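Enquirer: Please read through the structure below; I'll follow up with questions.
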Amino acid sequence: MRFTKMHGLGNDYIYLYENDLDKNIDKSDYYYSNLAIKLSNRHFGVGGDGIILIKDSSKGDFFMQVYNADGSKGEMCGNGIRCVGKYVYERGLTNKTKLKIDTMAGLKNIELILKDNKVTDVKVDMGKPMLHDGSTLNLTKCCHDLKIDGVTYSVMDVSMGNPHAVVFVDELTDDLVLKVGPLIENNPFYPHRTNVEFVQVVGDAKLNMLVWERGSGETLACGTGASAAATAFMLKNPQVKKVQVNLKGGILNIEWQDNNHIIMTGSATKVFEGEVEEDIIK
């Protein structure tokens, strides 16, 4: 099985194009979930935050399916979708620079930014931010308190097609992301679990962020998480329309357009290609 390792600001996945896979593979969710667990292991597999499977689509140019490192499925991945754009363009699967990518969170429009015919950055229309139940985002309804180990946290819930719990803090610490993050992710308040962003405001339109991703743990970056965090900030500061989000892996630029769509722009990087031994993927 051939694969491509790619990352968006250190949020790394193993990319597979289904048409290239052995025809004898059953291609079921069960198979791909177990494959994600095996390949994501950084000691016994390729290593990554999960796998992203690229398929043909009747609705868009391509379909992407995210399988997290624990085998669970993700609705959408902002860093991953940028890499999907780079993958399909540089492999000659398309010559378009504006693509519609089908996801479990619906169709997403992306625009490839080229240099010497290589994709360096990708602009993604993340759609309209919503509440977790799919209703219109509202400052009052998205805010609530959550008590974790005797400490009360003020949380803002934002959906970017997948759920996010945004927590603004004065200082970012490892204890927050590594200890409090998983407790919020698995809190009964979120029956389907949630991604968790801890955010520190460092300027009029600049945020520092640590992220605990549902199903993957701490990652160096999260595109949907950065979009959710920036949305939460701009919801509280409506005069701001563009925000820079600083993550461990780099910078994402987020814009809230007049049509209420969130636009995310960031890099996409190919690391290497390889081949997995048959014994590992059985």
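The values are calculated or read from the model by the stated rules, or taken from the named source; none is laboratory data. What you see is a predicted model, and the numbers here were worked out from it, not measured in a lab. Cβ: placed from backbone, ideal geometry, glycine included. Neighbour counts: every protein chain shown.
Enquirer: Please identify the pairs in which a residue from region 263-282 that is under 11 Å from Met6 (Cα atoms) has its Cβ atom under 6 Å from the Cβ atom of a residue that is among the basic types (Lys, Arg) and not in a loop (DSSP other than H, G, I, E, B), counting only partners at least 6 apart or on another chain.
Expert: Ala268/Arg82; Ala268/Lys86; Val271/Lys5; Phe272/Lys5
Enquirer: Would you mind telling me which numbered condition in (1) under 23 Å from Met104 (Cα atoms); (2) out of contact with any helix residue (DSSP H, G or I) (no Cβ under 6 Å at 6 or more places or on another chain) Cys143 fails?
Expert: Cys143 satisfies all of (1) under 23 Å from Met104 (Cα atoms); (2) out of contact with any helix residue (DSSP H, G or I) (no Cβ under 6 Å at 6 or more places or on another chain) except (1).
Enquirer: So for region 197-219 (the condition being in contact (Cβ under 8 Å) with a residue 12 or more places away in the chain, part of a helix (DSSP H, G or I) and aliphatic (A, V, I, L, M)), does at least one residue qualify?
Expert: no
Enquirer: If I ask for residues that are of a type in the set (Val, Ile, Thr) and either modelled with pLDDT under 95 or farther than 21 Å from Val201 by Cα (or both), which ones from region 246-282 would you list?
Expert: Thr269, Val271, Val276, Ile280, Ile281
Enquirer: If you don't mind, there's one more thing I want to ask. Exactly one of these conditions fails for Met156: (1) within 29 Å of Asp61 (Cβ to Cβ); (2) surrounded by 22 or more Cβ atoms within 10 Å (Cβ to Cβ); (3) of a type outside the set (Ser, Thr, Tyr). Give me its number.
Expert: Failing condition for Met156: (1).
Enquirer: Same structure again: Restricting attention to region 1-26, and to residues there that are assigned to a loop (DSSP other than H, G, I, E, B) and within 23 Å of the chain's Cα centre (by Cα), which single residue is nearest to Ile251 (Cα to Cα)?
Expert: Across region 1-26, the extreme among qualifying residues is Leu9.
Enquirer: Evaluate the following for Ala228: is it within 14 Å of the chain's Cα centre (by Cα) and under 18 Å from Glu75 (Cα atoms)?
Expert: Considered against the rule, which asks whether it is within 14 Å of the chain's Cα centre (by Cα) and under 18 Å from Glu75 (Cα atoms), Ala228 comes out as yes.
Enquirer: Do we find that Asp26 is acidic (Asp, Glu), surrounded by fewer than 19 Cβ atoms within 10 Å (Cβ to Cβ) and in contact with a strand residue (DSSP E or B) (Cβ under 7 Å, 6 or more places away or on another chain) in this structure? Quick ask: steps written out before the conclusion?
Expert: Numbers: acidic (Asp, Glu): yes; surrounded by fewer than 19 Cβ atoms within 10 Å (Cβ to Cβ): yes; in contact with a strand residue (DSSP E or B) (Cβ under 7 Å, 6 or more places away or on another chain): no.
It is false that Asp26 is acidic (Asp, Glu), surrounded by fewer than 19 Cβ atoms within 10 Å (Cβ to Cβ) and in contact with a strand residue (DSSP E or B) (Cβ under 7 Å, 6 or more places away or on another chain).
Enquirer: Any residue at all in region 197-215 that is closer than 24 Å to Tyr17 by Cβ, at pLDDT below 95 and surrounded by 15 or more Cβ atoms within 10 Å (Cβ to Cβ)?
Expert: As a first pass, look at region 197-215 and keep what is closer than 24 Å to Tyr17 by Cβ: 213, 215.
Now drop any that are not at pLDDT below 95, which leaves 215.
Okay, now just the ones that are also surrounded by 15 or more Cβ atoms within 10 Å (Cβ to Cβ), so 215.
Scanning region 197-215 turns up at least one residue that is closer than 24 Å to Tyr17 by Cβ, at pLDDT below 95 and surrounded by 15 or more Cβ atoms within 10 Å (Cβ to Cβ).
Enquirer: Could you tell me whether Gln239 is outside the structural domain of Asn41 (by TED's automatic domain parsing) and either in contact (Cβ under 8 Å) with a residue 12 or more places away in the chain or over 21 Å from Met126 (Cα atoms) (or both)?
Expert: Working: outside the structural domain of Asn41 (by TED's automatic domain parsing): yes; either in contact (Cβ under 8 Å) with a residue 12 or more places away in the chain or over 21 Å from Met126 (Cα atoms) (or both): no.
In short, no.
Enquirer: Here is a further query. Pairs under 9 Å by beta carbon, first residue in the same structural domain as Met64 (by TED's automatic domain parsing) and under 16 Å from Ala268 (Cα atoms) in region 104-122, partner of a type in the set (S, T, N, Q) and not in a strand (DSSP E or B), six or more apart or different chains?
Expert: Glu111/Thr97; Leu112/Thr97; Ile113/Thr97; Leu114/Thr97; Val119/Thr97
For every residue, the table says whether it meets (1) part of a loop (DSSP other than H, G, I, E, B); (2) in contact with a strand residue (DSSP E or B) (Cβ under 7 Å, 6 or more places away or on another chain); (3) among the aliphatic types (A, V, I, L, M); (4) modelled with pLDDT of 95 or more.
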position	(1), (2), (3), (4)
Gly181	no, yes, no, yes
Ala229	no, yes, yes, yes
Ala232	no, yes, yes, yes
Leu235	no, no, yes, yes
Gln244	no, yes, no, yes
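Enquirer: Quick one: would you say Lys147 is more than 19 Å from the chain's Cα centre (by Cα) and not in a loop (DSSP other than H, G, I, E, B)? Break it down into steps so the answer makes sense when it comes.
Expert: Details: more than 19 Å from the chain's Cα centre (by Cα): yes; not in a loop (DSSP other than H, G, I, E, B): yes.
Answer is yes for this residue.
Enquirer: Do we have any residue at all in region 40-62 that's of a type outside the set (A, V, I, L, M, F, W, C), crowded, with 21+ Cβ neighbours inside 10 Å and closer than 13 Å to Ile280 by Cα?
Expert: yes
Enquirer: Give region 41-55 a look and list any residue that's in contact (Cβ under 8 Å) with a residue 60 or more places away in the chain and within 20 Å of the chain's Cα centre (by Cα), or say none.
Expert: Passing the criteria: Val46, Asp49, Gly50.
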